[in-house]
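Worksheet: the structure to be examined is printed underneath.
The values are calculated or read from the model by the stated rules, or taken from the named source; none is laboratory data. As the structure is a computational prediction, the values presented were derived from the model and not from experiment. Neighbour counts run over all protein chains shown; Cβ positions are idealised from the backbone, glycine included. Remember, those area values only see protein heavy atoms, side chains included, never the ligands or the DNA or RNA. Shrake-Rupley method; radii C 1.70, N 1.55, O 1.52, S 1.80 Å.
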Amino acid sequence: VQLQASGGGLVQAGGSLRLSCAASGRTFSSYIMAWFRQAPGKEREYVAVINWSGGSTSYADSVKGRFTVSRDNAKNTVYLQMNRLQPEDTAVYYCAADSYNGMRYRARDYEYWGQGTLVTVSS
């Protein structure tokens, strides 16, 4: 599986962005998909995960209620809608995929990674 993240950019605090992650391969619908982020000088952290069908999602406490993860298996794409962005959301955002049949929350558990897209939130 190859992943291509896009949609990052510069936004003012309180604004919104939608990230996309396009996946290659015919087995996209069998993978769990997740978003992680890494701010300068910090470790990569979990943001959100969605199961293969889109029927189950989970979020980090720091983004719960502001971010929404979704997927379109017909388009081999997963999305991260980010609302009410804050300066502390500034980071490179990565999408990840794994064939595990369940939810996973640690970066080391994911087999496939996109290249990352930079989100910068100005105050």
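Evaluating Asn76 against the criteria (1) more than 19 Å from Ala23 (Cβ to Cβ); (2) touching a residue at least 40 places away in the same chain (Cβ under 8 Å); (3) surrounded by 16 or more Cβ atoms within 10 Å (Cβ to Cβ) leaves one unmet condition, (1). Restricting region 37-54 to residues that are farther than 17 Å from Gly102 by Cα and assigned to a strand (DSSP E or B) leaves a set whose member that is most open to solvent (accessible area, probe 1.4 Å) is Glu45. Quick one: would you say Val49 is modelled with pLDDT of 95 or more, of a type outside the set (D, E, K, R) and under 11 Å from the mean Cα position of the chain (by Cα)? When the stated conditions are applied, Val49 passes them.
Is it true that some residue in region 25-35 is modelled with pLDDT under 95, in contact with an Asp or Glu (Cβ under 9 Å, 6 or more places away or on another chain) and either open to solvent by 30 Å² or more (accessible area, probe 1.4 Å) or more than 26 Å from Thr120 (Cβ to Cβ) (or both)? For region 25-35, residues modelled with pLDDT under 95, in contact with an Asp or Glu (Cβ under 9 Å, 6 or more places away or on another chain) and either open to solvent by 30 Å² or more (accessible area, probe 1.4 Å) or more than 26 Å from Thr120 (Cβ to Cβ) (or both): present. So, in region 55-69, of the ones that are surrounded by fewer than 19 Cβ atoms within 10 Å (Cβ to Cβ) and not small (Gly, Ala, Ser), which residue ends up farthest from Leu85 (Cα to Cα)? Once the filter is applied, the top-ranked residue is Thr57. If you go through region 114-123 and keep only what is open to solvent by 80 Å² or more (accessible area, probe 1.4 Å) and not in a loop (DSSP other than H, G, I, E, B), you end up with just Leu118. For region 90-108, the criterion of being modelled with pLDDT of 95 or more, closer than 28 Å to Gln12 by Cβ and exposed (fewer than 15 other Cβ atoms within 10 Å of the Cβ) is met by no residue. Whether any residue in region 67-86 is over 20 Å from Gly41 (Cα atoms), aromatic (Phe, Trp, Tyr) and over 13 Å from the mean Cα position of the chain (by Cα) is what I want to check. No.
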